[in-house]
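Colleague: Handing you this structure, nothing more for now.
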Amino acid sequence: MKQEWISHEHIIMIITAIIVGTLARIFSLKEDFRQYPSYPNGYLIHIVTGFISAALGAVAIPALLTKNFVAVTFLAIAIQQFRDVRKAEKESLTDLENTEYVFRGNAYIDGIAKSFESRNYFSLVVSFVTALTIQIVNSKSDWINILVGCIVGLVIFYILKRFSKGKTIGDIAEVEQGQIEVRDSELYVNDLFVSNLIGSDYASQLFNNEGLAVIITPHEYQFSLTLNNLGQRQAALFEAARAVGVKRYHFTRKDFETGKVILAIVPLMNDIDRIIEAVKKTPLLESVKKSEAVMDTNLFGKK
């Protein structure tokens, strides 16, 4: 008699778990105003790694049930591969720094790389929980097993997505347009000193005629600890520059007395609303020291 290597129930379990786990990675891909990951190559890379993550999570339960403990060790290998994904993203973004209008900064790059590593775990965990649910339900009807497994997997995905969702500058601060004024060779925004590097008449004319500035005011003074961080200010300046381009100059300045942060640029597109929106949506970096109120996660969507 021909030996059956894998049962019908395990095939259903593995296929369902892989599909749900891969969908979890697809749903977590978001090409937003930052245009990252790029399309289509960036999408393809992350969907394929998500599929592999889902496959590893899907085969874990059947491997344990068949006492194939060697197969489970592949989970340890997968974790190393996910770390390599993080390393590759970090190196890629670092190599592209010189091609950007404004540098992202090491802190922002590190945060992006961590995000892409963690989202591969989405696929792994969702796939594993889906397969485990199907095994626990163990109904005679395959459709009931599939339906319950999918529901539980998607619920886990929702919880993981809420848990990993960070806050943005708009959550902790008010962002509004500032009034630019050039006094001799010094740049001021709302009477707050920004820079003394406006040395030429051409630079003064550019800022007077085309310059735009925003002022970031923290809702609470303790939030200024986050906003005053150089990496966080660099990330906000990068997103502002990415939204409208930079024609020539860009400056950022912090005011220690009020906790305000000032961004001033001469953009290619004269659109202050796009700058304000980009700054508001700039994520708060995990590497920045934050207060407990900033770190709180709205796990179930409650404020």
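Colleague: Look at region 224-253 and say how many of its residues are in a loop (DSSP other than H, G, I, E, B) and touching a residue at least 40 places away in the same chain (Cβ under 8 Å).
Modeller: 6
Colleague: Now for a different question. How many residues does region 104-148 hold that are crowded, with 17+ Cβ neighbours inside 10 Å and farther than 24 Å from A24 by Cα?
Modeller: 4
Colleague: Which one is modelled with the lowest pLDDT among residues in region 107-154 that are among the hydroxyl-bearing types (S, T, Y) and more than 24 Å from the chain's Cα centre (by Cα)? Quick ask: steps written out before the conclusion?
Modeller: The first filter runs over region 107-154 and keeps only residues among the hydroxyl-bearing types (S, T, Y), leaving 108, 115, 118, 121, 123, 127, 130, 133, 139, 141.
Pick out the ones that are also more than 24 Å from the chain's Cα centre (by Cα) and you get 130, 133, 139, 141.
Working: T130: 95, T133: 94, S139: 84, S141: 87.
Of everything passing the filter in region 107-154, S139 is modelled with the lowest pLDDT.
Colleague: Give the number of residues within region 138-155 that are closer than 16 Å to I18 by Cβ and either of a type in the set (V, I, T) or not in a helix (DSSP H, G or I) (or both).
Modeller: Number of matching residues: 2.
Colleague: Give the residues of region 254-269 that are open to solvent by 10 Å² or more (accessible area, probe 1.4 Å), assigned to a loop (DSSP other than H, G, I, E, B) and of a type outside the set (S, T, Y), sorted by residue number.
Modeller: Listed by number, the residues that qualify are D255, F256, E257, K260, L268, M269.
Colleague: Looking at V72, V48, V85, which is the one that is among the aliphatic types (A, V, I, L, M), out of contact with any strand residue (DSSP E or B) (no Cβ under 9 Å at 6 or more places or on another chain), more than 20 Å from S7 (Cα to Cα) and modelled with pLDDT under 85?
Modeller: Being among the aliphatic types (A, V, I, L, M), out of contact with any strand residue (DSSP E or B) (no Cβ under 9 Å at 6 or more places or on another chain), more than 20 Å from S7 (Cα to Cα) and modelled with pLDDT under 85 holds for just one of V72, V48, V85, which is V85.
Colleague: Scan region 237-253 and give yes if some residue there is over 24 Å from Y108 (Cβ atoms), open to solvent by 10 Å² or more (accessible area, probe 1.4 Å), of a type in the set (S, T, Y) and modelled with pLDDT under 90, otherwise no.
Modeller: No, every residue in region 237-253 fails to be over 24 Å from Y108 (Cβ atoms), open to solvent by 10 Å² or more (accessible area, probe 1.4 Å), of a type in the set (S, T, Y) and modelled with pLDDT under 90.
Colleague: Let me ask you something else. Please go through region 177-223 and pick out each residue that is part of a strand (DSSP E or B) and among the small types (G, A, S).
Modeller: S195, A213
Colleague: When you look at F207, is it modelled with pLDDT of 85 or more and open to solvent by less than 60 Å² (accessible area, probe 1.4 Å), yes or no? Quick ask: steps written out before the conclusion?
Modeller: Values: modelled with pLDDT of 85 or more: yes; open to solvent by less than 60 Å² (accessible area, probe 1.4 Å): yes.
Against the criterion (modelled with pLDDT of 85 or more and open to solvent by less than 60 Å² (accessible area, probe 1.4 Å)), F207 qualifies.
Colleague: Show the residue pairs meeting these rules: Cβ distance below 6 Å; 6+ apart or different chains; first residue within region 107-127 and free of Cβ contacts under 8 Å to residues at least 24 places away in the same chain and within 14 Å of V85 (Cα to Cα); second residue of a type in the set (A, V, I, L, M, F, W, C) and open to solvent by less than 20 Å² (accessible area, probe 1.4 Å).
Modeller: I109/L93
Colleague: Follow-up. Go through (1) in a helix (DSSP H, G or I); (2) at pLDDT 90 or above; (3) within 30 Å of T252 (Cα to Cα) for E174 and report which single condition fails.
Modeller: Here E174 meets the rest and fails (1).
Colleague: Hey, another quick one. Quick check on this structure: which one of I215, I169 is surrounded by 20 or more Cβ atoms within 10 Å (Cβ to Cβ) and touching an Asp or Glu at 6+ places or on another chain (Cβ under 7 Å)? Reasoning before the result, please.
Modeller: Details: I169 fails: touching an Asp or Glu at 6+ places or on another chain (Cβ under 7 Å).
That would be I215, the only listed residue that is surrounded by 20 or more Cβ atoms within 10 Å (Cβ to Cβ) and touching an Asp or Glu at 6+ places or on another chain (Cβ under 7 Å).
The values are calculated or read from the model by the stated rules, or taken from the named source; none is laboratory data. Remember, it's a predicted structure, so these values are computed and weren't measured experimentally. All Cβ positions, even for glycine, are placed from backbone atoms using ideal geometry, and neighbour counts span all protein chains on display. Side chains included, ligands, DNA and RNA excluded: accessible areas come from the protein's heavy atoms. Shrake-Rupley method; radii C 1.70, N 1.55, O 1.52, S 1.80 Å.
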